[in-house]
1. Quick one: which residue in R13, R47, R27 is surrounded by 15 or more Cβ atoms within 10 Å (Cβ to Cβ) and of a type in the set (D, E, K, R)?
2. Just to be sure I understand, how many residues within the stretch 33-65 are outside any helix (DSSP H, G or I) and on the phi < 0 side of the Ramachandran plot?
3. Hey, G103 hits all of (1) farther than 23 Å from E148 by Cβ; (2) surrounded by 14 or more Cβ atoms within 10 Å (Cβ to Cβ) but one; which does it fall short on?
4. Could you tell me whether any residue of the stretch 109-120 is crowded, with 21+ Cβ neighbours inside 10 Å and over 11 Å from the mean Cα position of the chain (by Cα)?
5. Every residue in the stretch 66-106 that is touching a helix residue (DSSP H, G or I) at 6+ places or on another chain (Cβ under 8 Å) and either outside any strand (DSSP E or B) or not β-branched (V, I, T) (or both), please.
Amino acid sequence: MTNYIPGPATGARVQKDGEKWTLILARDLRHSPEKVWQALTDPAQLREWAPFDVDASLGTVGTVKLTWLGAQPVPVETKVKRVDAPKVLEYGDIRWELEALGGGTRLTLWITIPPKFVSMGAAGWHICFDVLDRYLAGTPIGRVAGGEAIKFEGWRRLNAEYAKQFGIETPNWPPQPAQKS
C-alpha cells in the first residue's frame, strides 16, 4: 500500500428495522457503469479490491461460493438473485446500484449488517470503495480488507467517525488495551 489515507466518513447512512440494519454507502466514481460493473462481477477484479473472493462470475444468476476475508475464511454458498447489467446486482444480503453520472458512475451499496458491526462495515467498505476507484483508474494500491483493514489506522478513524454519525458507541475492535489513568 502506498501512502493511502482515507478521506472523512461520508456518503453512508443506516436504515434501521429492529435488529435488521441496512448500511447504504454511495460513492461517485469517475469510471463508466460498464467498467464498474466488470469490477463488481469478475472474480479476478474482485480480488483487487473487495473484502471477499468468489469462485465464479457474479454477473449470472445462480449459486457461487463467496469467501469473506478474515481470520478463518470459509466459503459460503451465495445466491446471485438479480443481474441487470450495468444497473443492479444482488447476491446474498448485498445489492449494488449503478447510476450513470456524467462520464462516471454513482455506485450505491446496500448491505444488511448487525447493528454492533455497522460502523466497522462502513469503515471497511469506505476503504474498499477507495481501493476500487484507484484500481479502475490504473493506479492500484492493493486490497485492504479483512484483518489487514482493521490493523490500518485509517480504518480505526473511520470506524469511530461512522459510529458517531450513526449514533452508536464506537466498537472496541480490535480490542484495545485499557488506558491507565
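Since every read-out is calculated from the coordinates, none of them should be taken as a lab result. Since we're looking at a predicted model, the values are computed, not measured. Positions of Cβ are generated from backbone atoms using ideal geometry, with glycine treated the same way; all protein chains shown enter the neighbour counts.
1. Working: R13 fails: surrounded by 15 or more Cβ atoms within 10 Å (Cβ to Cβ); R47 fails: surrounded by 15 or more Cβ atoms within 10 Å (Cβ to Cβ).
Going through R13, R47, R27 in turn, the sole match is R27.
2. Going through the stretch 33-65, the residues outside any helix (DSSP H, G or I) turn out to be 42, 50-65.
Add one more test, that the residue is on the phi < 0 side of the Ramachandran plot, and what stays is 42, 50-61, 63-65.
Within the stretch 33-65, residues that are outside any helix (DSSP H, G or I) and on the phi < 0 side of the Ramachandran plot number 16.
3. Going through the list (1) farther than 23 Å from E148 by Cβ; (2) surrounded by 14 or more Cβ atoms within 10 Å (Cβ to Cβ), G103 breaks only (2).
4. Kept after step one, since they are crowded, with 21+ Cβ neighbours inside 10 Å, are these residues of the stretch 109-120: 109, 118-120.
This time we only want the ones that are over 11 Å from the mean Cα position of the chain (by Cα), so: 118-119.
Yes, that holds for at least one residue.
5. Scanning the stretch 66-106 gives L69, G70, A71, A85, P86, K87, L89, W96, L98, E99, A100.
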